[in-house]
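Here's the structure, in structure tokens; my notes come after.
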Amino acid sequence: MFGAQFTFHEDFSGAGMARIGLGKDWLCLRACDINTKKCRAYRNNFGEGHLFEGDIGDVKVVNAPPAQLAWASFPCQDTSLAGGYSGLAGRRSGTFWAWWRIVEGMRAAGKPYDIVCIENVRGLLTSNGGTDFAAICEALTKEGYIFGATVINASLFLPQSRERLFIVGIRGDKELIEDVRAKKPVPLWHPQSMQMAYKHLSKKAKEHWFWLNPVLPYVQKPTLEEIISDNPEGVAWHTPQETKRLISMMSPENLRKLNEQKDKGARVIGMLYKRTREGQQRAEVRFDGIAGCLRTATGGSSRQTVMIVSGQSVRSRLLAPREAARLMGLPDSYKLPEKYNDAYHLCGDGVAVPVVRFLAETVFEPVLSKIAKDISASKMVAAE
């Protein structure tokens with residue numbers, strides 16, 4: 001990428017959503033993922049050259065080019081309810097430690113990262129009674145990083161409810177983060193679960209901690225009306241019988257919400273998931289202009305459904321792959337896998353693009369610019 005100002009490594013890269021979010025001023029020097037289908041999508045969009053397809057534990061640091069940022073979206077299954085909260089000891093989320101050995105190895109080789117960013121589900125704050133989060137904080141402390149964390153909901157930027165935890169470590173002193181630190185927790189970024197997790201950190205880790213407080217800009221986010229198409233590709237509208245069956249699965253409260261929209265007479269888009277409640281499958285719909293959190297497509301219940309109400313008329317269908325991509329902030333030029341499940345899984349297992357851009361703009365780029373300025377000043381002093 002000609003003219004890039006910043007460099008990064010992207011591990012657990014998936015389909016490259018962090019790369020897109022970082023933007024044109026960032027050059028990816030190394031990426032890694034073990035999923036063949038995601039790697040295929042990554043290459044289809046970014047070409048060959050720097051993607052290592054394989055186990056993160058097999059990445060070698062000896063010949064790895066130095067980079068300013070290390071990004072890691074390590075598997076979240078074991079830190080979520082679906083994964084049973086086995087945490088960093090789990091088979092999938094335990095790959096964090098294999099990645100952390102890369103961070104340690106790069107420093108030992110004289111190529112330390114200036115910034116590391118760890119992305120995962122909010123459940124990491126409480127998995128295994130908070131010990132997993134504390135272990136990551138201890139690792140950051142040992143490596144000499146000052147660090148903070150924030151929970152960001154993609155709904156600030158996109159019409160999708162998607163909370164994710166971001167832990168940001170910075171190599172240097174706290175003068176580097178004066179513009180993005182708060183003296184105390186900020187409710188927008190630091191939920192009670194994070195404040196409780198902080199209390200359980202060691203004294204040394206607390207000395208390295210700061211309350212990460214990026215400035216939220218005004219954002220004119222897209223609406224569901226702009227994302228959901230009347231003529232979608234890759235999915236078909238349900239038959240009237242299929243739609244009636246969905247409605248029959250609604251609880252009295254969800255039926256009330258549906259009938260309320262019918263009575264308004266206006267066209268409105270609802271988003272629906274099928275969930276199991278008290279042993280019974282239910283259809284739960286929302287009409288607040290926000291889609292539910294996209295998930296990986298492991299079964300029919302994990303696919304989100306579009307429900308369009310126009311007066312007494314109700315139509316329904318599955319969310320189309322391109323619509324799922326738009327809900328993640330991916331441009332329409334992004335090449336999706338041809339198969340529905342592959343495309344949906346790719347989107348549901350990624351990081352929201354504008355959230356990454358927000359962190360880059362408010363945290364990564366200002367900090368790295370300060371580091372570069374300090375290095376330049378030191379060289380000038382040494383030359384005098």
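Under the criterion of Cα pairs below 8 Å and six or more residues apart, the relative contact order for the chain equals 15 percent.
If the chain linking T131 and T276 were pulled fully straight, counting 0.36 nm for each residue of separation and taking away their Cα-Cα distance, it would gain 49.2 nm. Highest mean first, the peptides 346-358, 214-226, 161-173 sorted by other C-beta atoms within 10 Å per residue fall in the order 346-358, 161-173, 214-226. Amide H to amide H, with H built 1.01 Å from N, R282 comes under 5 Å of R275, T276, R277, counting only residues 5 or more places away or on other chains. The residue among A18, G270, I167 whose Cα reaches farthest toward the positive pole of the charge dipole of the chain, with charges on the beta-carbon of Lys, Arg, Asp and Glu, is G270. Dipole magnitude for the chain: about 840 debye, using +1 per Lys or Arg Cβ and -1 per Asp or Glu Cβ, origin at the Cα centre. Using a Förster distance of 41 angstrom, determine the FRET efficiency expected from the C-beta separation of D332 and E175, and round it to 0.05. My answer for the efficiency is 0.45. Rounded to the nearest whole Hz, the Karplus-based 3J(HN,Hα) values (6.51 cos²θ - 1.76 cosθ + 1.60, θ = phi - 60°) of region 164-179 follow the sequence 9, 9, 10, 10, 10, x, 10, 8, x, 9, 6, 5, 5, 10, 4, 7, with x at glycine and proline.
Sequentially through region 260-270, phi angles give Karplus couplings (6.51, -1.76, 1.60; θ = phi - 60°) of 4, 5, 4, 5, 5, x, 8, 6, 9, 9, x Hz, Gly and Pro residues having no value and appearing as x. Between helix 95-108 and the chain there is an angle of about 30 degrees, using the helix long axis and the longest principal axis of the Cα atoms. Averaging the sequence gap over all C-alpha pairs within less than 8 Å and six or more residues apart, then dividing by the number of residues, gives region 236-319 a relative contact order of 35 percent.
How high is the FRET efficiency between E242 and V219 when r is their beta carbon distance and R₀ equals 35 Å, given to the nearest 0.05? Efficiency at R0 = 35 Å is approximately 0.45. Annotation: lysines with alpha-carbon distance below 17 angstrom to K60 (same-chain offsets under eight excluded): K111. For volume of the Cα convex hull per residue in Å³, the choices are [x] 157; [y] 148; [z] 139; which was calculated from the structure? For volume of the Cα convex hull per residue in Å³, the calculated option is [x].
To the nearest ten degrees, helix 365-383 and the longest principal axis of the Cα atoms of the chain are 10 degrees apart.
For region 132-139, 3J(HN,Hα) computed residue by residue from phi via the Karplus equation (6.51, -1.76, 1.60; θ = phi - 60°) reads 5, 4, 4, 5, 5, 4, 5, 5 Hz, glycine and proline entered as x. Note the full-extension length gain between D374 and S161 as 0.36 nm times their separation in residues minus their Cα-Cα distance, in nm to one decimal. This chain segment gains 72.8 nm when fully extended.
What the Cβ-Cβ distance of K206 and A4 gives, at R0 = 35 Å and to the nearest 0.05, is a FRET efficiency of 0.45. Taking a cut-off of 19 Å between Cα atoms, list the lysines near K244, but don't count ones fewer than 8 places away on the same chain. Hits, sequence-local ones excluded: K257, K262, K274.
Projecting label points 7 angstrom from Cα along Cα→Cβ for R43 and L188 puts them 4.3 nm apart. Near W209, the amide H atoms lying under 5 Å from its own belong to F147; only residues 5 or more places off or on other chains count, and H is placed 1.01 Å from N.
Structure note, pairs K38/K335; K183/K373; K37/K339: Cα-Cα distances above 18 angstrom occur for K183/K373.
Grab the DSSP H runs of the chain that are 4 residues or longer, score each as -39,500 (n - 2.57), total them, divide by all residues and round the 222 nm result to the nearest 500 deg cm²/dmol. Calculated at 222 nm, the ellipticity per residue is -9500 deg cm²/dmol. Placing unit charges on each Cβ (+1 for Lys and Arg, -1 for Asp and Glu) gives region 201-256 a dipole about its Cα centre, and among P214, G234, L246 the Cα reaching farthest toward its positive end belongs to P214.
Bear in mind these aren't lab numbers, they're just calculated from the coordinates by the rules spelled out. No experiment lies behind these values; they were computed from the predicted model shown. Quick reminder, even Gly has a Cβ in these numbers, built from the backbone with ideal geometry, and neighbours come from all protein chains shown.
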